[in-house]
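Reading through the structure tokens given below for one structure.
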Amino acid sequence: MTVAEQADRTPAATVPVRTRTVIIGSGFSGLGMAIELQRRGVDFVILEKADEIGGTWRDNTYPGCACDIPSHMYSFSFEPKPDWTHMWSFQPEIQDYLLGVTEKYGLRRYIRFGAHVDRAQWDDAEQRWHVFTTGGDEFVAQFVVSGAGGLHIPLIPEFEGLDDYLAAGNAAFHSAQWDHDVAIAGKRVAVIGTGASAIQIVPEIVGDVAELYLYQRTPAWVMPRPNNPIPERMQQVFANVPGTRPAMRAAIYWLHEAVGFAMTQQPRLLKLGELAGKWNIRRSVKDPQLRRKLTPDYRAGCKRILNSDTYYRGVADPKTEVVTEHIMRFTPRGIVTADAQGHETERAVDVVVFATGFHVTDSYTYVDIKGPGGEDLVDRWNREGIEALRGITVAGMPNLFFLLGPNTALGHNSVVFMIESQIRYAAQAIAAVDRAGAQALTPTRAAQDRYNAELQRQLAPTVWSTGGCHSWYLDEHGVNRTLWSGMTWQYWLATRRFKASEYSFC
Ligand code: NAP
């Protein structure tokens with residue numbers, strides 16, 4: 001009986017569901033892993049905390065939400081879509097793409113929606129993972145693959161007085177939890193943060209609101225980017241002329257790799273990008289004081305490089321005020337800031353959008369994972385820093401795989417490329433367990449340590465460590481636990497063949 005059939009017959013929260021593989025999450029990672037396991041005939045169930053697939057592209061529905069990597073590259077290599085309507089697609093089209101993939105591969109029947117995993121425990125005697133959801137359901141599996149990613153737990157900073165502000169009848173929400181029931185037209189709106197999400201929101205809402213206060217702690221480098229629709233004729237060419245779509249994908253890939261080369265090998269080259277970023281400010285912003293406020297003082301690429309042709313126009317709109325003073329507290333009326341001399345200003349605000357990012361380097365703490373002997377992975381990672389072998393498997397944690405795990409996010413190219421490399425690697429590892437007639441595999445500590453020592457050595461000269469900024473790529477000790485250290489083709493090479501010699505089997 002397959003898990004899907006078993007799930008149909010098993011009442012929730014009574015009998016544990018047994019499967020070979022639990023996949024956590026149904027975004028690009030979880031869906032891609034499911035397709036690969038399906039292809040290989042390995043049984044699996046997908047546990048999804050929400051009530052729909054899509055991950056990031058389900059959650060982020062804020063106005064203007066789009067991908068900052070071109071869609072011909074930000075999509076599965078095995079599921080090309082010739083008719084992307086924009087070079088950088090908007091959220092609804094990407095979510096539609098994922099819905100289409102889900103239907104095509106019949107994945108919905110394997111998914112348990114509303115299944116929020118909060119605990120996984122390895123049973124030494126049984127050599128199986130027991131995975132628990134907050135709803136009390138239990139799943140027993142030989143393998144666990146986390147496709148949860150690192151950008152799904154909204155971070156709302158703790159501001160004094162926020163409760164009083166909300167109690168007074170005002171609205172506030174995170175960019176990834178946009179409340180579409182709150183009307184912003186004609187309202188005084190505050191956007192806190194100037195990262196990837198904020199720069200897409202600002203130009204989209206400025207026309208509707210009465211006033212827009214943009215609270216900027218650190219300006220971002222924002223490069224020019226025309227995102228015109230791809231003409232239908234061109235879409236037809238991609239669909240019908242052999243080689244054109246792959247050629248477009250390859251061109252996008254290598255262009256982005258060139259930026260990756262500068263970021264990892266020659267950060268000085270990024271000065272060229274800074275010239276483009278400064279031009280982008282100059283062409284939309286006439287006020288020299290505002291231009292200065294918007295110009296970063298760190299090397300481009302140190303924080304994620306953003307792209308927009310419309311952001312600075314939105315910022316220069318007479319309705320927008322860029323507030324760079326420190327946020328002190330919320331009041332029932334709005335937000336109080338203080339300048340360098342301690343002089344306080346209160347601005348009345350009806351709606352607050354927290355475009356303040358996500359829990360990234362601590363996102364793993366939200367699932368309690370206990371390995372053999374009850375070893376607590378969260379404790380270990382809190383003590384030693386988040387480390388894995390090739391960002392996927394973890395010493396001492398059998399049959400556990402992370403997609404977009406430690407040091408495998410990117411600052412320059414499509415993470416879908418990384419995810420596909422990891423899926424292939426994890427599937428090879430599962431096959432290796434079977435081939436060895438074993439129950440489990442674990443990377444050796446020596447292999448993991450060697451790998452991470454080299455990774456950190458390569459990260460040292462990159463723009464993320466030397467660029468003069470503090471980003472969420474770094475943990476609280478300033479160590480980059482987030483990004484891959486080189487070009488993505490190097491990661492592809494590093495994961496292309498599963499190396500059994502780096503593992504112990506039992
Ligand atoms: P983010 O890049 O982490 O930006 C958060 C912003 O909030 C920063 O400007 C940060 O300032 C500010 N902030 C945080 N805490 C604050 C506080 N206490 N007071 C004032 N400001 C505060 O978050 P994001 O914009 O949501 O983007 C996160 C990531 O999601 C991106 O880097 C990207 O990987 C992904 N994303 C991708 C796309 C896409 O197009 N593919 C779109 C959106 C998001 P500091 O810089 O000073 O910390």
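Worth pointing out:
- Number of residues in region 233-289 that are within 28 Å of M418 (Cα to Cα) and of a type in the set (K, R): the value is 4.
- Residue match in region 448-459 (condition: modelled with pLDDT of 95 or more, farther than 21 Å from H152 by Cβ, acidic (D, E) and in the same structural domain as G486 (by TED's automatic domain parsing)): yes
- Test: Q200 is open to solvent by 20 Å² or more (accessible area, probe 1.4 Å), within 9 Å of the ligand (Cβ to nearest atom), closer than 28 Å to K293 by Cα and at pLDDT 95 or above: yes
- Restricting attention to region 307-335, the residues that are open to solvent by less than 60 Å² (accessible area, probe 1.4 Å) and either without any contact (Cβ under 8 Å) to a residue 60 or more places away in the chain or over 31 Å from the mean Cα position of the chain (by Cα) (or both) total 3.
- The C-beta contact set for region 238-250 (first residue in a helix (DSSP H, G or I), second residue open to solvent by 40 Å² or more (accessible area, probe 1.4 Å) and of a type in the set (A, V, I, L, M, F, W, C), distance under 6 angstrom, 6+ apart or interchain) comprises T244/V237.
- Of all the residues in region 374-392, those that are basic (K, R) and either open to solvent by less than 40 Å² (accessible area, probe 1.4 Å) or not assigned by TED's automatic domain parsing to the domain that holds E476 (or both) number 2.
- Meets criteria (outside any helix (DSSP H, G or I), more than 22 Å from L255 (Cβ to Cβ), more than 16 Å from the ligand (Cβ to nearest atom) and open to solvent by 10 Å² or more (accessible area, probe 1.4 Å)) for Q456: no
- Any hit, region 58-75, residues being touching a helix residue (DSSP H, G or I) at 6+ places or on another chain (Cβ under 7 Å), crowded, with 16+ Cβ neighbours inside 10 Å and in a helix (DSSP H, G or I): yes
- Positions within region 347-362 being surrounded by 18 or more Cβ atoms within 10 Å (Cβ to Cβ), more than 15 Å from the ligand (Cβ to nearest atom) and farther than 15 Å from I156 by Cα, in sequence order: D350
- Within the span defined as region 472-479, one or more residues are under 21 Å from L269 (Cβ atoms) and open to solvent by less than 60 Å² (accessible area, probe 1.4 Å).
- Candidates are the residues of region 360-377 that are in a helix (DSSP H, G or I) and under 21 Å from the mean Cα position of the chain (by Cα); the one that is modelled with the highest pLDDT is Y366.
- For region 411-434, a residue qualifies if it is open to solvent by less than 10 Å² (accessible area, probe 1.4 Å), under 19 Å from V259 (Cβ atoms) and hydrophobic (A, V, I, L, M, F, W, C), and the qualifying residues are V416, M418.
- Pairs, first near the ligand (Cβ under 8 Å from one of its atoms) in region 51-72, second part of a loop (DSSP other than H, G, I, E, B) and of a type in the set (A, V, I, L, M, F, W, C), C-beta under 6 Å, six or more apart: A66/W88; C67/W88
Here is a yes/no grid of residues against (1) away from the ligand (no atom under 16 Å from the Cβ); (2) more than 22 Å from the chain's Cα centre (by Cα):
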| residue | (1), (2) |
| --- | --- |
| D137 | yes, yes |
| G150 | no, no |
| Q177 | no, no |
| A185 | yes, yes |
| V189 | no, yes |
| D208 | yes, yes |
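- Residue within region 23-45 that is assigned to a helix (DSSP H, G or I), open to solvent by 10 Å² or more (accessible area, probe 1.4 Å) and within 14 Å of the ligand (Cβ to nearest atom) present: yes
- Count - residues of region 438-453 that are open to solvent by less than 10 Å² (accessible area, probe 1.4 Å) and assigned to a loop (DSSP other than H, G, I, E, B): 1
- Reported count of residues in region 37-57, each being under 14 Å from R108 (Cβ atoms) and charged (D, E, K, R), is 3.
- The residues of region 300-346 that are in a loop (DSSP other than H, G, I, E, B) and within 13 Å of the ligand (Cβ to nearest atom), listed by number, are G301, C302, K303, R304, I305, S308, T324, E325.
The values are calculated or read from the model by the stated rules, or taken from the named source; none is laboratory data. Because the structure is a prediction, the values reported are computed rather than measured. Ideal geometry is used to build each Cβ from the backbone, glycine not excepted, and the neighbour counts take in all protein chains shown. Please note that ligands, DNA and RNA were not included when accessible areas were found on the heavy atoms of the full protein model with its side chains. Shrake-Rupley method; radii C 1.70, N 1.55, O 1.52, S 1.80 Å.
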